[in-house]
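Data first, discussion second: the structure below is written as structure tokens.
The values are calculated or read from the model by the stated rules, or taken from the named source; none is laboratory data. As the structure is a prediction and not an experimental result, all values here were calculated from the model. Because the Cβ atoms are built from the backbone with ideal geometry, glycine has one as well, and the counts that use them run over all protein chains shown.
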Amino acid sequence: MIISFVKYQGTGNDFVVIDNRDSSFPIKDHALIAQICQRNYGIGADGFIAIESDTTSDFFMRYFNANGHEGSLCGNGARCAIHYANSLGLTQKHVVFCAADGLHQAKFVGEEIALSLHDVSHWEIREKDLFIDTGSPHHIAFVDDVAAVNVATSGAAIAHGAPYHADGTNVNFVEVIAADGLYVRTFERGVEAETLSCGTGVTAAAIGGHLSKRINAEKINVQTKGGVLTVSFSATSNKYESVVLQGPAIPVFSGKWEITI
């Protein structure tokens, strides 16, 4: 069996994206998906995305972590999925699609894509840190010098430590660099390493920065190792509404992958 794919990146967070509307791909073969994402023996990616048919929206985005297991919402991956779906003729400038956490809207803004996330009305304080779910779970740790953090070691210790354990969480180390700016580095569960960017992570970091009064702006530029993303929202006393993540989605190359079933 031969599958066609497109390799995408969104601020350095990279994905293998396929059209699986005919359900021909063996979606339950976790070992195969992990092999495809493996950088030495496969195509290489932080995640795998299958575009599938959906009766309530333009398409369904099925997302898998690099370990081959189905994951929660991926913000950078969603923008890449939207770009690919648009190339298939499934969407127009304004997009409605379904992901693991339900329906989302998005729109093309010049060369970028603005993705609407769900309202955030629940968060937890973990000693001096925060826990916020923006479609995926995120631990937020504020630091004075994010460049000096050993993300691999410190992130792994938090990701599967108490209270997260087996399910794990993504871990974001955040430095305030301007009145409306953050620098974020993320350890991603499922990848079990630092990625160059994490869309839901920078969204959680921006909300966490505002929630903790470290930053007052409601439109925040977030620097990652892979580029800059913009997060905007409307804050009330107990909720963050109109949450939008905006950034690029860039096709890198296309190809074919032969598999034996």
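In the set PHE131, PHE187, which member is of a type in the set (Phe, Trp, Tyr) and within 21 Å of VAL228 (Cβ to Cβ)?
Values: PHE131 fails: within 21 Å of VAL228 (Cβ to Cβ).
Being of a type in the set (Phe, Trp, Tyr) and within 21 Å of VAL228 (Cβ to Cβ) holds for just one of PHE131, PHE187, which is PHE187.
Cβ-Cβ under 8 Å, sequence separation 6+ or interchain: first residue in region 27-54 and part of a loop (DSSP other than H, G, I, E, B), partner of a type in the set (Gly, Ala, Ser) and surrounded by fewer than 17 Cβ atoms within 10 Å (Cβ to Cβ). Which pairs?
That search, which allows pairs on different chains as well, returns GLN38/GLY44; ILE43/GLY255.
Here is a list of conditions, (1) over 25 Å from LYS225 (Cβ atoms); (2) under 15 Å from the mean Cα position of the chain (by Cα), and ASP54 meets all of them except one; can you say which number that is?
(2)
What pairs come out if I take residues in region 201-221 that are among the aromatic types (Phe, Trp, Tyr) and pair them with residues that are surrounded by fewer than 18 Cβ atoms within 10 Å (Cβ to Cβ) and part of a helix (DSSP H, G or I) whose C-beta lies under 7 Å away, six or more apart or interchain?
So the pair list comes out empty.
Mind checking which pairs have a first residue in region 8-19 that is in a strand (DSSP E or B) and a second that is hydroxyl-bearing (Ser, Thr, Tyr), Cβ under 6 Å, 6 or more apart or different chains?
Close Cβ pairs satisfying both conditions: ASN13/THR195; ASN13/SER197; PHE15/TYR8; VAL17/TYR8; VAL17/TYR84.
Of the conditions (1) at pLDDT 95 or above; (2) closer than 18 Å to PRO251 by Cα; (3) not hydrophobic (A, V, I, L, M, F, W, C), GLY68 fails just one. Which one is it?
(2)
If GLU112 passes every condition in (1) in contact with a His (Cβ under 9 Å, 6 or more places away or on another chain); (2) within 20 Å of PRO248 (Cβ to Cβ); (3) of a type in the set (Asp, Glu) but one, which one does it miss?
Looking at each condition in turn, GLU112 falls short on (1).
Can you name the residue in region 184-193 that is in contact with a Phe, Trp or Tyr (Cβ under 9 Å, 6 or more places away or on another chain) and in a strand (DSSP E or B) and, of all such residues, is modelled with the lowest pLDDT? Show your work before the answer.
So the first thing to find is which residues in region 184-193 are in contact with a Phe, Trp or Tyr (Cβ under 9 Å, 6 or more places away or on another chain), and the list is 184-187, 189-190, 193.
With the extra rule that they be in a strand (DSSP E or B), the set shrinks to 184-187, 193.
On the way: VAL184: 98, ARG185: 98, THR186: 98, PHE187: 98, ALA193: 95.
So, considering only residues that are in contact with a Phe, Trp or Tyr (Cβ under 9 Å, 6 or more places away or on another chain) and in a strand (DSSP E or B), the one modelled with the lowest pLDDT is ALA193.
Return only the number of the condition from (1) surrounded by fewer than 22 Cβ atoms within 10 Å (Cβ to Cβ); (2) within 30 Å of ILE33 (Cα to Cα); (3) under 21 Å from the mean Cα position of the chain (by Cα) that GLY247 does not satisfy.
(1)
Do the conditions hold for VAL202, that is, is it modelled with pLDDT of 95 or more, of a type outside the set (Asp, Glu) and part of a strand (DSSP E or B)? Walk me through how you get there before you give the answer.
Details: modelled with pLDDT of 95 or more: yes; of a type outside the set (Asp, Glu): yes; part of a strand (DSSP E or B): no.
Judged against the criteria, VAL202 is not a match.
Quick one: would you say VAL191 is more than 22 Å from ALA114 (Cβ to Cβ), in contact with an Asp or Glu (Cβ under 7 Å, 6 or more places away or on another chain) and in contact (Cβ under 8 Å) with a residue 60 or more places away in the chain? It would help to see each step written out before you state the result.
Values: more than 22 Å from ALA114 (Cβ to Cβ): yes; in contact with an Asp or Glu (Cβ under 7 Å, 6 or more places away or on another chain): yes; in contact (Cβ under 8 Å) with a residue 60 or more places away in the chain: yes.
The answer is yes for VAL191.
If you go through region 84-94 one residue at a time, do you hit one that is outside the structural domain of TYR183 (by TED's automatic domain parsing) and in contact with a Leu (Cβ under 6 Å, 6 or more places away or on another chain)? Quick ask: steps written out before the conclusion?
Keep residues of region 84-94 that are outside the structural domain of TYR183 (by TED's automatic domain parsing), which gives 84-94.
Checking the rest, the ones that are also in contact with a Leu (Cβ under 6 Å, 6 or more places away or on another chain) come to none.
No.
Within region 101-149, restricting attention to residues that are of a type in the set (A, V, I, L, M) and farther than 27 Å from HIS160 by Cβ, which residue is surrounded by the most Cβ atoms within 10 Å (Cβ to Cβ)? Quick ask: steps written out before the conclusion?
To start, the set of residues in region 101-149 that are of a type in the set (A, V, I, L, M) comprises 103, 106, 109, 113-115, 117, 120, 125, 130, 132, 140-141, 143, 146-149.
With the extra rule that they be farther than 27 Å from HIS160 by Cβ, the set shrinks to 103, 106, 109, 113-115.
Working: LEU103: 13, ALA106: 26, VAL109: 13, ILE113: 23, ALA114: 19, LEU115: 29.
So, considering only residues that are of a type in the set (A, V, I, L, M) and farther than 27 Å from HIS160 by Cβ, the one surrounded by the most Cβ atoms within 10 Å (Cβ to Cβ) is LEU115.
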